[in-house]
Amino acid sequence: MERILNKSGRIREHLALVRSIQDECLERFTRDPIYRGALLHYLYLIADGCVVLAGLVIRHRKLRIPQSYAESFDILGESGILDPAFAYKFSKIAGFRNFLAHDYERIDPFFICKDVLARLEEVEQFLDSIHKTFTHGTDHP
């Protein structure tokens, strides 16, 4: 359980860093390669951290083994750790993680600065659901 809480904390730290640099994103993203690299790196760490965290929770709870990163979130929805509708929507973060890892040269600044940054609350919601599961006496293997 300690690994789960530590991973959640790291994701929250990365969220705080992204929020601290998100002002004037579109202008800075297109003009400053260091800013662009930092922002994309932290977004990758957030997305990858969520995928890893989902896997940690699945292993801790001894749930069925996912066949893909995205399925990890569906499994959390099936088990009641996440709201199923939210889990389905949030599972797209796995594809975003893969996109950042492999197709980063085709990044649309508007997509990152408007769409992605507007959805950081979903990461908070994911973390809050995990936190509730492991701190309100509902943790059980």
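Values in this text are rule-based calculations from the coordinates and carry no lab data. Not measured: the values here are computed from a predicted model. Glycine gets a Cβ as well: all are built from the backbone with ideal geometry, and neighbour counts include every protein chain shown.
Computed quantities for the displayed model
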item	result
Neighbourhood net charge (10 Å Cβ-Cβ; Lys/Arg +1, Asp/Glu -1) for Ile93	+2
Projected label distance in nm at Leu120 and Leu40, using a 7 Å step from Cα toward the beta-carbon	1.9 nm
Overall dimensions of segment 22-87 by Cα: Rg and Dmax, Å	16.1, 47
Residue order, fewest to most beta carbons within 10 Å, for Val18, Val57	Val18, Val57
Theoretical FRET efficiency, 1/(1+(r/R0)^6), r = Cβ-Cβ of Met1 and Asn98, R0 41 Å, to 0.05	0.90
Cα-centre dipole for segment 2-135 with unit charges at Cβ (Lys and Arg positive, Asp and Glu negative), debye to 20	460 debye
Size of the chain as Cα extents on the principal axes (Å, biggest first)	49, 27, 23
Additional length obtainable on full extension of the chain from Ala16 to His60, 0.36 nm per residue less Cα span	13.2 nm
